[in-house]
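Nothing in this text is a laboratory measurement; each read-out follows from the coordinates by a stated rule. Because the structure is a prediction, the values reported are computed rather than measured. When we count neighbours, we look across all protein chains shown, and the Cβ atoms used for this are built from the backbone with ideal geometry, even at glycine.
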Amino acid sequence: MARRLADTFQEIVDSLPDDWTDLEIDLRLADEDRYVDAATYLITCNALPYSHHDWHFRLLVAHRFGHAAAAPTVHGTLKLLDDAGIRGELAVREVRSGRVEVVPMWGRPESVREQFRRMRAQ
């Protein structure tokens, strides 16, 4: 039996250090005839379709902050694909870690800025 996409994704997330911030994953569908069906589900996590590529979609995932889909949302979307019988494989393309959220702190003392960075980096 083929591995389920949601389970594979969860294993990927569980293997990352706690300070990961961004994750880029590519998804290749096993059956290209199911592309439109998959796209209908993947819209919930803002997947980016590839054109002229052997991989079909790029998934951008954020851990605690950022302009990407939250990990639980991506997991739920991949579970929907699994439940619909849409099979495929995932490949991790890039993982970034150790970054902190940037928030406007005009007029705040440097001690407040440092404390904010420490709290968000945990």
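Some notes on this structure:
- Every pair of residues 6+ apart whose Cβ atoms lie under 7 Å, when the first sits in the stretch 58-83 and is more than 18 Å from residue 28 (Cβ to Cβ) while the second is assigned to a loop (DSSP other than H, G, I, E, B): 62/68; 65/101; 69/46; 71/63
- Options 43, 12; residue that is among the aliphatic types (A, V, I, L, M) and over 17 Å from residue 91 (Cβ atoms): 43
- Yes/no for residue 38 being farther than 17 Å from residue 95 by Cα, touching a helix residue (DSSP H, G or I) at 6+ places or on another chain (Cβ under 9 Å) and in contact (Cβ under 8 Å) with a residue 60 or more places away in the chain: no
So that you can scan it fast, the table gives a plain yes or no per residue for (1) in contact with a Cys (Cβ under 7 Å, 6 or more places away or on another chain); (2) within 30 Å of residue 118 (Cβ to Cβ); (3) surrounded by 14 or more Cβ atoms within 10 Å (Cβ to Cβ):
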{"position": "20", "(1), (2), (3)": "no, yes, yes"}
{"position": "33", "(1), (2), (3)": "no, no, no"}
{"position": "43", "(1), (2), (3)": "no, no, no"}
{"position": "53", "(1), (2), (3)": "no, no, no"}
{"position": "57", "(1), (2), (3)": "no, no, yes"}
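- The residues of the stretch 60-97 that are in contact with a helix residue (DSSP H, G or I) (Cβ under 7 Å, 6 or more places away or on another chain) and closer than 30 Å to residue 118 by Cβ, listed by number, are 61, 63, 69, 71, 73, 74, 75, 92.
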